Each structure stands twice: as C-alpha cells, then as structure tokens.
Amino acid sequence: MPPSSDPTSSPAATTPSLYLETYGCQMNVADSELITGVMQTRGYRSISDPALADVILLNTCAIREHAEDKVANRVRQLISVRRSDRPVRIGLAGCMAQHHRDRLLDAIPGLDFIVGPDGYRRLPDLLEADQPTAAVQLDRSETYHDIVPVRGEGLRAWLTIMRGCDRFCTFCVVPFVRGRERSLPADVLMNELRHIAEQGYKEVILLGQTVNAYRHDGVDFGELLRRTCEVEGIERVRYTSPHPADFTDSTIEAMTECTKLAPYIHLPLQSGSDRILSDMQRGHTVAEFRALVKRLRSAIPGLALSTDIIVGYPGETQEDFEATSSLMEEVGFDHAFLFKYSPREGTRSFKTPEILSEQEKGRRLERLIAEQLARTLRIHQTLLGSVVEVLVEGSAKRQPQWLAGKDLQYRTVCFEPAGASPGDVVTVLVESVTSHTLSGRQITNA
Ligand code: 5AD
Ligand code: SF4
C-alpha cells in the first residue's frame, strides 16, 4: 500500500514524507544521505517531525549492545505513539537490522520493515508490502554508485569510497553486518566530488570501514587522495577510518605533498598489548604501530592523531591494560574514543568468557578517559600564543557573537571575529584553551 500524503500539512506538501533518524558512525550519516536520495527519487520529501511522517525510519548501529538498546527503546516509543488515522510505516535500517534480521520483526511488534546496509534500493518496494517485510540480503557488488546522496547543510560533505570490511577483527560485527569489502570506481567518485564542490561544500571526508584499503582498477588510496585534492573548490580533504596495517608509502607521500590534505589521522589502536592485539587479530604489533606513527609524524608536520581503544577485551589483564595506558601516553594521542568491550553475537570473541566485572571495565575506562583529557589539555596548552587556520562554520555555541570552526587538526576553535563569515578560512591567535576547545581572536582572512 503506498503511503498517503500528510493531511495536516500545507497544500503544497502533497507528497509522502520521510522522517529519518541516524545513529552510529559517519558511514551511517552517509548512508542516510543515500537513503534520502533513494526515497526522493520515489517522491518522498524529508521532514523533521515524526508525528507528521508517512514513513519513520531509524538508521541503526550494531557496534555495541548499548547502541542497539537505545534504538530498540526509541523505535518502541515511536510505535507506541503512531497515529491511527492513516497508515504510517515504521522501519529499521542499517547494521542492527542486519545483525538481528531473524528476530527483529517478531521481537518488536508493530515494526513494519527492516532493511540491511545492502538493501536500500528496495526500500520503496518494502513500503508497498502489506505485512512485515525484510530486505537483509548482503550483496558484495552493491556500492550504490549510481545513487546521488542528498547531503545536509554545512561546509563538510561525507563521501563513501568503499563499503564493508574483510578484516574480521575478533570483536567486531562490521564484516557480518556490512559484508565484504568493495570500492567504488574512481571516475564515479571524481564526478561526485565535483558535484560536492559545485554545491558549495569546502571540506570533504572520504569514508570507508578501512578507508585506506581502497583500490579500484589500479587506483589505490594514495592516488585517489591526490585526485581528490585536485578538485577545485574543495579546500580541505580528510578521511576516516584508516587501518594501521593498510598504510602504504603512496598514501603517506600524498599526505606529505598535497597541501589540501589536513594533518589529522584517526588511527584505531584498540589495545597497547601485543598479546591482546594478536588475540584480536588486528594484523599488526605494538612495534609496527610505533614505527607507523614515527613515519607519519616525520612525513606530516603538525600531525594530530586520534584513536579508538577497547578496554576489557576478554583476557585483558592489569598488565595489558597498563600497556595500553602507557602506549597512549607515549604516542601522545590528541584525542581518543574509548569503549568498554561489548560481546557481539556472531563474532569470534563472543563466546570467550570475560574475566572482568562490568565495574572493573568501568574503572579502566574512567582511568583512560581521565588520562586522555589531561593529555589533550596539555597538548592544547602548547598551542597558547600560536596561530591556527580555521574554516569558519557558524556561531560559537556559548558566545553567539563569536564564530567557530575547525582547525586543520579538527580541533574546535571559537574566536572573536574581525570580518569573517561562514565558509571563510581565517587565522586565529589562540589565547585560551580547555580540553575541548581553543579560543582566541581572528588575525586575518587567510
Ligand atoms: N565492543 C566495544 N567496542 C567495539 N568497537 C568495535 N567493536 C566493539 C565491541 N564489540 C569499537 C572499536 C572500533 C570502533 C568503531 O568501535 O574501537 O574501532
Ligand atoms: Fe571492525 Fe576490524 Fe573491520 Fe575495523 S577493521 S570494521 S574493527 S573488523
């Protein structure tokens, strides 16, 4: 049954409407833009009020149990307030839909459809079904290369260059829910990049689960970075998330030579213990990670590094944990995303007994958080009195008469403006810092 139009909205709004919420990583943000693209070609318009929507869709994350619990509660709540005066379809998209494909429709009464990361083309058809329906077939050839994403406002555009993951780290559900690795053709990506520039975006973030494993028809990641930097109008290029074992000379040379490539890399470490890294099957040792950081730092002046760390992986001893803490200090990460291990059904570590209590995992997490905050503050303090280059995004949250944006290292900078407006690149003198923000005043329009 096709969705009806919204009787309560303006006469112009006679087309069916989609309300979409996005959870999880930047890949999901980009996937939501694809979903919006698919739905717009079938006549749906996006709206921001679920109470007025014909279709309500949550694009979900399965990386940790907590992420899934949050979505399950939210969708139950949306189902409980569903209007009864007309058909409203409610569905789950993405990783959690794929992960629990066999039980979600039974477990959540009132849920109309689920669609996995390779099933978005089928979305409009699912909405025609008159009973709960699933599109959860993984398809190793699906790249959505012909779908034009509908991007949000702002200066920053996300572009998915590869999908899936072949690494199968023991803790991670991604290869099971997003399927095998596949890269998009370089010419498709270049067309999309030119389109992004024409739309006025100034910064692009290339995305992939192991983004630096990109390879298509002889074009490797380093070459793609170089080509991306040639697109006129795009001023800054970033990417996430690379895998430490996939860094090549070609990528590092591109980072050195292309001035548009921002000196910031998110480099997931997971653990600083060789024993745990090997158990996780991460594909590198601590010594190799150190050597990589050394190569990157000597090739890229002013490089900032962030990382992902899991505490409490099954078998993590106090000694393993201390090794993580001291490697984080030794590397001097500018920022870290820190997680408690969450067993994920279907992964290789799922059945391995956890030796730590939730409380102990929590203690370890809290310690790393405190250490990282202190480290970030220390790094920020070294920037006092220096000049940073900021791409201006809009008003500062706390001081609306000030402006804010990101510097090259992706740090948030708030500043007293002197003629700047959003979209400009300006230089700012750093006058005060916290562990979250740099503040100061505008010196010049760069
Ligand atoms: N438990 C906790 N954290 C996880 N991550 C991936 N799987 C799990 C898990 N089962 C973290 C990793 C990864 C980031 C995106 O999420 O640190 O790099
Ligand atoms: Fe998950 Fe490992 Fe693939 Fe990253 S590289 S998505 S952690 S399996």
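The values are calculated or read from the model by the stated rules, or taken from the named source; none is laboratory data. As the structure is a computational prediction, the values presented were derived from the model and not from experiment. Glycine gets a Cβ as well: all are built from the backbone with ideal geometry, and neighbour counts include every protein chain shown.
Looking at Leu159, Leu193, Leu224, can you tell me which residue is touching a residue at least 60 places away in the same chain (Cβ under 8 Å), part of a helix (DSSP H, G or I), buried (at least 21 other Cβ atoms within 10 Å of the Cβ) and more than 9 Å from ligand 2 (Cβ to nearest atom)?
Unique residue meeting the criteria: Leu224.
Only one entry in Val173, Val211, Val150 is at pLDDT 95 or above, out of contact with any Lys or Arg (no Cβ under 7 Å at 6 or more places or on another chain) and closer than 30 Å to Gly312 by Cβ, namely Val211. A single entry from Val173, Val177, Val188 fulfils the requirement of being within 9 Å of ligand 2 (Cβ to nearest atom) and either farther than 17 Å from Pro268 by Cβ or of a type in the set (Val, Ile, Thr) (or both): Val173.
Restricting Glu345, Glu354 to those that are within 16 Å of ligand 2 (Cβ to nearest atom), at negative phi and outside the structural domain of Gly200 (by TED's automatic domain parsing) reduces the list to Glu345.
Checking the conditions here, which among Ala213, Ala254 is within 16 Å of ligand 1 (Cβ to nearest atom), out of contact with any His (no Cβ under 6 Å at 6 or more places or on another chain), among the hydrophobic types (A, V, I, L, M, F, W, C) and not assigned by TED's automatic domain parsing to the domain that holds Arg364? Before you say what the answer is, go through the steps one by one.
Working: Ala254 fails: within 16 Å of ligand 1 (Cβ to nearest atom).
The conditions single out Ala213.
Taken over the range 389-407, the criterion of being farther than 18 Å from Glu235 by Cβ and buried (at least 19 other Cβ atoms within 10 Å of the Cβ) is satisfied by Ala396 alone. Residues in the range 249-272: is at least one closer than 23 Å to Gly315 by Cα, assigned to a helix (DSSP H, G or I) and either at pLDDT 95 or above or of a type in the set (Phe, Trp, Tyr) (or both)? No, every residue in the range 249-272 fails to be closer than 23 Å to Gly315 by Cα, assigned to a helix (DSSP H, G or I) and either at pLDDT 95 or above or of a type in the set (Phe, Trp, Tyr) (or both).
Among the residues making up the range 29-81, a single one is of a type in the set (Gly, Ala, Ser), closer than 16 Å to Gly110 by Cβ and surrounded by 20 or more Cβ atoms within 10 Å (Cβ to Cβ): Ala53. Do we have Phe168 as of a type in the set (Phe, Trp, Tyr), within 16 Å of ligand 1 (Cβ to nearest atom) and assigned to a loop (DSSP other than H, G, I, E, B) here? The answer is yes for Phe168.
To keep it simple, each residue is scored yes or no on (1) among the acidic types (Asp, Glu); (2) out of contact with any strand residue (DSSP E or B) (no Cβ under 6 Å at 6 or more places or on another chain); (3) without any contact (Cβ under 8 Å) to a residue 24 or more places away in the chain.
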residue: Arg297; (1), (2), (3): no, yes, yes
residue: Ile300; (1), (2), (3): no, yes, no
residue: Leu303; (1), (2), (3): no, yes, no
residue: Tyr313; (1), (2), (3): no, yes, no
residue: Glu316; (1), (2), (3): yes, yes, no
residue: Asp334; (1), (2), (3): yes, no, no
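From the list Thr259, Thr307, the lone residue that is closer than 30 Å to Val425 by Cα and within 16 Å of ligand 2 (Cβ to nearest atom) is Thr307.
Taking the condition of a type in the set (Gly, Ala, Ser) and touching a residue at least 12 places away in the same chain (Cβ under 8 Å), does Ser278 pass? Give the derivation first.
On the way: of a type in the set (Gly, Ala, Ser): yes; touching a residue at least 12 places away in the same chain (Cβ under 8 Å): no.
So Ser278 does not fit the description; no.
Based on this model, can you work out whether Asp246 counts as at positive phi, in contact with a helix residue (DSSP H, G or I) (Cβ under 9 Å, 6 or more places away or on another chain) and of a type in the set (D, E, K, R)?
Against the criterion (at positive phi, in contact with a helix residue (DSSP H, G or I) (Cβ under 9 Å, 6 or more places away or on another chain) and of a type in the set (D, E, K, R)), Asp246 does not qualify.
Hey, can you tell me all the residues within the range 332-346 that are within 6 Å of ligand 1 (Cβ to nearest atom) and either hydroxyl-bearing (Ser, Thr, Tyr) or within 19 Å of the chain's Cα centre (by Cα) (or both)? Phe339, Tyr341, Ser342, listed by residue number. In the set (1) out of contact with any helix residue (DSSP H, G or I) (no Cβ under 6 Å at 6 or more places or on another chain); (2) assigned by TED's automatic domain parsing to the domain that holds Ile35, Arg140 fails one condition alone, (2).
Here is a check on your reading of the model: is Ser386 of a type in the set (S, T, N, Q), under 27 Å from Val204 (Cα atoms) and surrounded by fewer than 15 Cβ atoms within 10 Å (Cβ to Cβ)?
On the way: of a type in the set (S, T, N, Q): yes; under 27 Å from Val204 (Cα atoms): yes; surrounded by fewer than 15 Cβ atoms within 10 Å (Cβ to Cβ): yes.
Here the answer is yes, as Ser386 does meet what is asked.
Only residues that are in a strand (DSSP E or B) and surrounded by fewer than 19 Cβ atoms within 10 Å (Cβ to Cβ): list them for the range 315-337, please.
Step one: filter the range 315-337 for residues in a strand (DSSP E or B), giving 335-337.
Matches in the range 315-337: Phe337 only.
Taken as a whole, the structure leaves Glu203 outside the set of residues that are of a type in the set (Asp, Glu), within 15 Å of ligand 2 (Cβ to nearest atom) and under 18 Å from Gln26 (Cβ atoms).
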